[in-house]
Amino acid sequence: MTLKILIHSTQYLDGTGREAEKGYIVIHGDRIAEIGPGDCPHSRSDFDQTIDGTNRLAMPGLVNVHGHAAMSLLRGFADDMPLHAWLNDRIWPAEAKLSPEDIHLGAQLAMLEMIETGTTTFTDMYFSMDTVAEAVLSSGMRAVLGRGIVSGDGAGLALKEAEALYQAYHGAGGGRISIDLAPHAPYTCTADTLKEVMALAEKLDAPLQIHVSETRKEVLDSLREHGVSPIAYLHQLGFFAFPVTAAHVVHADEKDLDILAERGVRVAHNPGSNLKLGSGIAPLLAMRERGIIVGLGTDGAASNNKLDLFEELRLAALLHKGTHENATAIDAGTALSMATSQGVKALFLDERIHPNLGTLCVDAPADLILLDLTSPRYVPRHRLLAHAVYSSSGCDVTDVFVAGRALYRNREFMTIDQEKVRFEAERVGAKFHTDTSFSAHS
């Protein structure tokens, strides 16, 4: 059944950088049918559902451009460690003990947190991705999924699973699921593996996502092994001939950034995770000066430890203002766009789904959220665009819609059984903290 929904008397940000206006939004089916200032000209009786937007701020749903959803089960499991020790000593051994059922559960746990904090679209690179895809379908969220690929005995199987995932789920859920190919990183994939991935990408016409230049160690190791940086190495292999979302790009010099700009590579900036792992700070301003499209990601909850994109967009704005001693370096509108329309472009969803996804305008997909403006943090309400970046928190989200469907209404989940997921996640998570092969790290 195609519903017609009216949100009236609401403040709204359309995602174009303009200041908020008071007006109304009409959702018809999966699209925004009308949006404008003032009162809705139609009778309330014309609608299947009417939502009072008084003391609410409507805005585009947030887009998380890098993460590992099932790692929510490993939240708090490996804190205060540098990346490579974190991976080798804690995360990879723990992941080896995750079952497909665990991964489905972990993805549901992540989606609860993301929905609750206003994320409507996310990307996920992991394994047992068919179980994640099923979780996405039932949740109502929009997602870009990729089966993580590393070299070794399981690389051939991973490639087959990646192709099967594409064939089974690309475009599923009325187009809510998109499938990428996801080689983990240049330091975990040999040249032969990367070439096999590229051949499959050409066959499927699928974009690629990869971790690259996340740490100084990664760059130094690449210089020793290949004589060039990880970015230059991928360029030499022809990797950037395909649409690529590069996660992190923390340690990149001018030549590296020139390559990314020339090849149209998009970047996933993960400031919280990069800071927590002590990896560094990505050269965001230098990327933007070159016209590189940059979106915001949380990374996994094992390294962040939250999936609240409102924290990331505030952090991105403040971090680069401070490090560049320039209060105008990343303004509120730019920060918000990195979590909405630029995030859409960073995942090539403007080409795959709709050019106006990530904004509120007529005919755009109806992916939007409502924030509660009754908190003292929003008073006075003179500049709601700035408040959305510098004052907001994910806990202010009251309602979430994806493709016109309510996933969260009046702070209640509509598509996921929160209590069941939390109970099961506590049970599964406990096995890692009680397993004698792991010692609690702090």
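Read-outs throughout are calculated quantities, based only on the coordinates presented, and are distinct from any laboratory measurement. Predicted model only: the values in this text are computed from it and were never measured. Using ideal geometry, Cβ is built from the backbone for each residue, glycine included, and neighbour counts are taken over all protein chains shown.
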Checklist line | Radius of gyration and Dmax over the Cα atoms of segment 62-352, both given in Å | finding: 17.3, 50
Check: By what distance, in whole Å, do the Cα atoms of segment 329-395 stretch along each of the three principal axes, largest value first?
Finding: 40, 29, 20
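Local charge sum around GLN11 (other residues, Cβ-Cβ under 15 Å, Lys/Arg +1, Asp/Glu -1)? List each step's numbers first, then the result.
Values: positive: ARG18, LYS22, ARG56, ARG377, ARG381, ARG383; negative: ASP14, GLU19, GLU21, ASP39, ASP52, ASP372, ASP396, ASP399.
So the environment of GLN11 carries a net charge of -2.
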Item checked: Where the Cα pairs of segment 267-372 fall when distances are cut into 5 Å bins, in % -> 2, 12, 21, 24, 19, 13, 7, 2, 0
Next item on the list: Quick one: angle between helix 254-263 and the longest Cα principal axis of the chain, in degrees between 0 and 90, rounded to 10, please.
Entry: 60
Checklist line | In sequence order, calculated HN-Hα J values of segment 232-245 (Karplus, 6.51, -1.76, 1.60; Hz; x Gly/Pro) | finding: 5, 4, 4, 4, 4, 6, x, 4, 7, 6, 9, x, 10, 9
Notebook entry, point to check: Using the alpha-carbon atoms, what tilt in degrees (0 to 90, nearest 10) does helix 191-204 show relative to the longest principal axis of the chain?
Noted result: 40
Item checked: Calculated diffusion of segment 48-182, Stokes-Einstein form, Kirkwood radius summed over Cα pairs, 25 °C and 0.890 mPa s, µm²/s -> 152
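For segment 251-343, run through the GluC sites (Glu not before Pro) and keep only the ones in DSSP coil with at most 13 other Cβ atoms within 10 Å of their Cβ. Please report the intermediate quantities before stating the final value.
On the way: sites: GLU254, GLU262, GLU289, GLU311, GLU312, GLU325; in loops: GLU325.
Loop-located and lightly packed - GLU325.
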Item checked: Nearest-ten-degree value, helix 418-434 long axis tilted from longest Cα axis of the chain -> 20
Next item on the list: Quick one: net charge around ARG142, please, counting Lys, Arg +1 and Asp, Glu -1 for every other residue with C-beta under 10 Å from its C-beta.
Entry: 0
Next item on the list: Give the long-range amide H neighbours of GLY148: residues separated by 5 or more places, or on another chain, with amide H under 5 Å away, using H modelled in the peptide plane at 1.01 Å from N.
Entry: TYR126, PHE127
Check: Which of the peptides 33-42, 86-95, 226-235 is most tightly packed, and how do the rest follow, judged by the mean count of other Cβ atoms within 10 Å per residue?
Finding: 226-235, 86-95, 33-42
Next item on the list: For segment 142-220 and segment 332-380, write down the distance between their C-alpha centroids in whole Å.
Entry: 27
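Going by C-beta contacts inside 10 Å, put ARG263, ARG142 in order with the fewest on the left.
Details: ARG263 17, ARG142 27.
Taking fewest neighbouring Cβ atoms as first place, the list is ARG263, ARG142.
Where does the chain land at 222 nm, in deg cm²/dmol rounded to the nearest 500, when only DSSP H runs of n ≥ 4 count, each adding -39500 (n - 2.57), divided by all residues?
Working: 18 runs with 166 residues, N = 442.
Estimated from H runs of four or more residues: -10500 deg cm²/dmol.
Here is the link list: LYS217/LYS276; LYS160/LYS420; LYS160/LYS203. Which ones come out longer than 24 Å on Cα distance?
On the way: LYS217/LYS276 16 Å; LYS160/LYS420 33 Å; LYS160/LYS203 13 Å.
From LYS217/LYS276; LYS160/LYS420; LYS160/LYS203, over 24 Å: LYS160/LYS420.
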Notebook entry, point to check: Tally Lys and Arg at +1 and Asp and Glu at -1 over the other residues with C-beta under 13 Å from the C-beta of ASP79: what net charge comes out?
Noted result: +2
Notebook entry, point to check: Could you put ARG266, ARG147, ARG288 in order, starting from the residue whose Cβ has the fewest other Cβ atoms within 10 Å?
Noted result: ARG288, ARG266, ARG147
